[in-house]
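Student: Quick one: structure below, then a few questions.
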Amino acid sequence: MIYCRKEEHSLDFACLSLLRQRLTPVDPESMPTEIQLEKALRNAVRAHFRDPEQVESSPNALRAHAEKELGLEDGFFKNGDWKARSKEIIQDQFVCISQAVVLWLW
């Protein structure tokens, strides 16, 4: 089997599919772990708080920032289980940072 960042393809289908999607084959072991994926999403939220003009606060913009940081294909976090999970992680990080700011100001 040849693995692509988007999905798994049989060997017969691999070349045509890769040309269509412009994806490069990747070893499944080189894909980021779930911990690395979550950390990249949280880092995207932190980047927004550091420089709001450079990083937008919408979930889609934050997902795109994390995808770029990890070198993933566009839309990786919008597919499958990661769509809901990434939104939850982003919201959680916003709450954590907001609470820390309130405590610091208090």
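The values are calculated or read from the model by the stated rules, or taken from the named source; none is laboratory data. Given the structure is predicted, the values throughout are model-derived calculations rather than measurements. Here the Cβ positions follow ideal geometry from the backbone for every residue, glycine too, while neighbour counts run over all protein chains shown.
Student: Report every pair of residues separated by at least 6 positions or lying on different chains whose Cβ atoms are under 8 Å apart, first residue within segment 78-103 and over 18 Å from Arg63 (Cβ atoms), second loosely packed, with under 11 Cβ neighbours inside 10 Å and of a type in the set (D, E, K, R).
Tutor: Here the result reads none, with nothing in segment 78-103 linked to a residue that is loosely packed, with under 11 Cβ neighbours inside 10 Å and of a type in the set (D, E, K, R).
Student: Quick check on this structure: which one of Glu67, Glu53, Glu29, Glu38 is over 23 Å from Glu88 (Cβ atoms), part of a helix (DSSP H, G or I) and at pLDDT 50 or above?
Tutor: Working: Glu67 fails: over 23 Å from Glu88 (Cβ atoms); Glu53 fails: part of a helix (DSSP H, G or I); Glu38 fails: over 23 Å from Glu88 (Cβ atoms).
Unique residue meeting the criteria: Glu29.
Student: Follow-up. Return the residue satisfying two criteria in turn: it lies in segment 64-88 and is of a type in the set (A, V, I, L, M) and surrounded by 14 or more Cβ atoms within 10 Å (Cβ to Cβ), and of such residues it is farthest from Val45 (Cα to Cα).
Tutor: Keep residues of segment 64-88 that are of a type in the set (A, V, I, L, M), which gives 64, 66, 70, 72, 84.
Right, trim to surrounded by 14 or more Cβ atoms within 10 Å (Cβ to Cβ) and you get 64, 66, 70, 72.
Working: Ala64: 11, Ala66: 9, Leu70: 15, Leu72: 18 Å.
Looking at the filtered set, the residue picked out is Leu72.
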